[in-house]
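The structure appears below as structure tokens.
Every number here is computed from the coordinates shown, using simple stated rules; none is lab data. Being a predicted model, the structure only gives us computed values, none of them experimental. Reconstructed Cβ throughout: ideal geometry from the backbone, glycine too, with neighbour counts over all protein chains shown.
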Amino acid sequence: MSEKLVVTGMGVISGLGKGKDATLAALLAEKSAVGAIKYIQTMHNDIPVSEVPFSDSEMKQMLNIPEEQLITRTPLMGIVAAQEAIQQAKLSENKPKRIAFINGTTVGGMEKSEQFYIDFLENDSHSQYIAAHDCGAGTDDIADYFGMFDVTTTISTACSSAINALIIGANLIKAGKVDAAVVGGTECLSKFHLNGFNTLMILDREVCKPFSQNRAGLNLGEGAAYLVLEKANDATQRGVTPLCELSGYANFCDAFHQTATSPNGQGPFLAMQGALQDAGLLPKDIDYISAHGTGTGNNDETESIAITRVFGEQTPDFSSTKAFTGHTTSAAGSVESVISILALQNNFVPANLNFAERIENITIQPNTKTKKKQMSHIMNNSFGFGGNDSSCIFSKIQ
Amino acid sequence: MEELILELKKEIIEVLNLEEITPEDIDTDAPLFGEGLGLDSIDALELMMLMQKNYGIKVDNSEKGKEIFKSIRVMAEFISNNRTK
Amino acid sequence: MVAMTLLVYSQKFNNMEIFIQSAAQISIQNPLCEDWFENPIIPTLPYNRSIEPDYKQFISPIASRRMGKLIKRAIATSLSALKQAEIQELDAIITGTGLGCVENTEKFLSAMVKEGEEFLQPTFFMQSTHNTISSQVALFLKCNGYNCTYSHRGTSFESALSDAFIQMKLGKIKNALVSGQDEMTPDYFNMLGKIGYWKNEISTDILRNSNTNGSFAGECSAAITLATEPKEQSLCKLQDIELLYKPSKERMQQAITNLMEQANISSIDAIMLGLSGDKKNDDIYKEFAQTFFADKPICWYKNIFGESFTAPSFGVYTAATCLKRGIVPQHLCYNGQNIQDIRTILVYNHFQNKDHSLILLSKC
């Protein structure tokens, strides 16, 4: 039992606002954050997105970072979210011996590179941003802000990055390499990936409609979220009350296609089944699945098939919260982990907004209204480009 | 039409990066997807972009795309009837 | 049942040995072979591209039509390493890449910035994400196992290696394919040049006696396989790996002591360092050697493989090869003569004195 891993802190920022309280309030009020583009300069301004409602300068002020300090939006959002998690877990007051920071991101410093790319190539006016381009640069910025970490690394598995960060952090603790880990992901919107998803023709021109027959693609969002993981015994010794247990997790690869999931949802199936096995739980033990549910034709159909394969016809309540936050890509796994844990703590099933009718040939449908329900175990799914599929399970402390 | 067919074959080879395939290797009437060249959904997106960029034809859903990309000949006929540039 | 499994894992934890079964590289040295061991190519230019093998032996032109150079290299080195190791069922594919698929990223970015947002090509975007490498290898091998990608600057490869090592120790996987993959396009080379990455002139003497910052660029594709059972072809044992962020001297000492105690090794025969002629970084390596291993021979590898974000994968690869052959050749010795009867090597790397890694390897 001493090996039990618990979550002792969490923090989040997304289109729904800054912090757990704002997130919970928006979820209960069924209030979507998807709307017109405000910050990104693009010709595609008919594409709705979910932006974090703060400018870089506003976030710098919140964090007491000097305006002139060179730091891109992705790490800024990361610091805001990590700070909330670190404070809740009291990592500064009562520091565990060795702490890891495992960060998921894919876009990195692209938001600046795309503005200054010509300058990078032709003159020296913005060369200071060259070193901020790679994924690890933002992780370093976040780690340096807190100055408390002993191990840091960056995961980049596209839309499943944050959940893989959680898995790596958990394994580091189990292997005795560190005593606690701050895990999650951060990603700001960029013109680069907005256009990228647009070329794949998977962006809905309205607010997305996950798991609905009339779905027409996803909405991109931005955000960051982190969890603090440690062993239950260590949390007790540090005098911190666990929020829940991280009872199981798994990572598998669909190995089918770079951007499409296999017709029978093999990767998602293996990930969900693997997480159940790791947790020592049965399908019937799961009270709610926070689905990946992007709103694309391919994802929602194959995820439904995979859920049915794992859970049979008696599927637990499930919903996608992507219509609230947009698809926060590399941060989705941790943003939705925070949402899952809020649901677990407050005993409710979040709504799957904009559902109209069941997908043809699919027998299951999501929970469409916020619903009170006693919860013990929640599964959270994140699937990425390249078939990088991961699931994890959070359980109430018994 | 034959001119357009040859032009199309060259463009497809270039945009899909079909190294070592020459226009002569592509059967004008064979299906482009599945069998034949064995192209997939991403190639279809590339072909839609090609239609828009080179011929000013906007194909905005993949169902319509499937109809048009049945073979090089079908594609060429559609282009000659609908092109705006 | 669950409790039983846990017990088995924890019993195994300390006893289980992990072996580097095989390795393969594509770099600025002759590809997919060990020519570099006896007859290295000595770089003379600041910018060097990898020498490409014939990829048709690995992958058909139709199958590779959307693949950039980096993906082709990754598939070729992965297949070569797996073949040598005779691994049938692969449990994990883990990649480290500092910059990811730069070539495709640049194609998409450049078109977007220069020609606007109207006619962008989906292929370049979908092949631009860092995890394309791991997932294309998985797709090619039809491997449903664990799949992950690390992109953490100069310690991306070690992060990947540490992941595999920990999961093997935890009993989650029995084998793994771990690789370091980075390409250096002309534009990226020029960009990094603007922030002090490169020298104008290169020679072994200049690199060894450098008083200036900057090094020279190579490209990297180095794949290794790990397994829990030794085979005749096994290159060496992977004793342990430690990642450290901004460690104090005390913490570094503690980490070294722990590594050696865990491995039950009392003395190290040589240290393999990421010395590259970049004075700022080399000073950190020299201080490390002076502080913790004052009397030990120092080896290097970037003098023949060049600098890249995943160059440390060549450190592990060359150290493993030297342990298998029992000798460190002259050109890999930074100081002193070649080293005979080599049995243990500590590979130490740091990136800008922030992220540090220690990897302890020993003869099988």
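Overview of values
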read-out: Ranked A:Val6, A:Val335, A:Val183, criterion: other C-beta atoms within 10 Å, fewest first; value: A:Val6, A:Val183, A:Val335
read-out: Order by protection proxy (mean Cβ within 10 Å, highest first), peptides C:166-177, A:383-394, A:51-62; value: A:383-394, C:166-177, A:51-62
read-out: At q = 0.19, 0.22, 0.25 Å⁻¹, base-10 log of I(q)/I(0) for the range B:2-82 (Debye sum, equal scatterers on each alpha carbon); value: -0.75, -1.06, -1.46
read-out: Antiparallel content of DSSP bridges confined to the range C:2-227, in %, to 5; value: 60 percent
read-out: Number of partner chain Cβ atoms within 10 Å, mean per residue of A:100-113; value: 2
read-out: Directionally averaged projected area (convex hull, Cα atoms, the protein assembly as shown), nm²; value: 33.4 nm²
read-out: DSSP bridge pairs, chain A: antiparallel proportion in percent, nearest 5; value: 65 percent
read-out: Calculated [θ] (222 nm, deg cm²/dmol) that DSSP helices of n ≥ 4 give over chain C, each run adding -39,500 (n - 2.57); value: -11500 deg cm²/dmol
read-out: Gain upon complete extension [C:Asn200, C:Asn338; 0.36 nm per residue less C-alpha separation]; value: 46.7 nm
read-out: Cα pair distances exceeding 15 angstrom across the range C:181-267, given as percent; value: 75 percent
read-out: Long-range amide H partners of C:Ser22 with built H, under 5 Å; value: C:Thr225, C:Leu235
read-out: The range C:176-214-the range A:93-145 distance, computed between alpha-carbon centres (Å); value: 20 Å
read-out: Amide hydrogen neighbours beyond the local backbone of A:Thr152, cut-off 5 Å, H modeled; value: A:Phe101, C:Tyr245
read-out: Neighbourhood charge, 12 Å Cβ-Cβ cut-off, centred on A:Lys38 and excluding it, Lys, Arg +1 and Asp, Glu -1; value: -2
read-out: Exercise: per-residue mean of other protein chain Cβ atoms within 10 Å, A:190-200; value: 6
read-out: 3J(HN,Hα) from dihedral phi, the range A:323-337, Karplus parametrisation 6.51/-1.76/1.60, rounded to Hz, x for glycine, proline; value: 6, 7, 9, x, 8, 7, 6, 4, 8, 3, x, 8, 4, 7, 5
read-out: Exercise: per-residue mean of other protein chain Cβ atoms within 10 Å, A:127-135; value: 6
read-out: Whole-Å distance, taken between Cα centres, linking the range A:52-87 and the range C:271-335; value: 39 Å
read-out: Segment A:His126-A:Asn94, extension gain: residue separation times 0.36 nm, minus the distance between their alpha carbons; value: 7.4 nm
read-out: Considering only the protein assembly as shown, percent of DSSP beta bridges that pair antiparallel, nearest 5; value: 65 percent
read-out: Stokes-Einstein D for the range A:5-238, Kirkwood Rh over Cα pairs, 37 °C, 0.692 mPa s (µm²/s); value: 177 µm²/s
read-out: Summed residue charge, Cβ within 13 Å of A:Ala225's Cβ, Lys/Arg positive, Asp/Glu negative; value: -2
read-out: Phi-based couplings in Hz for the range C:147-155 (Karplus 6.51, -1.76, 1.60; Gly and Pro marked x); value: 9, 8, 9, 10, 10, 10, 6, x, 10
read-out: Of the DSSP H helices in chain C, those whose Cα atoms cover at least 30 Å axially and whose Kyte score averages 0.0 or more; value: none
read-out: Under-5 Å amide H pairs with C:Met272, H placed in peptide plane, nonlocal only; value: C:Cys299, C:Leu346, C:Val347, C:Tyr348
read-out: Vicinal HN-Hα couplings computed from phi for the range A:99-107 (Karplus, 6.51 cos²θ - 1.76 cosθ + 1.60; Hz; Gly/Pro x); value: 10, 9, 10, 10, 10, x, 7, 10, 6
read-out: Pair C:Arg49, A:Ile118: separation of 7 Å Cα→Cβ label points (nm); value: 2.7 nm
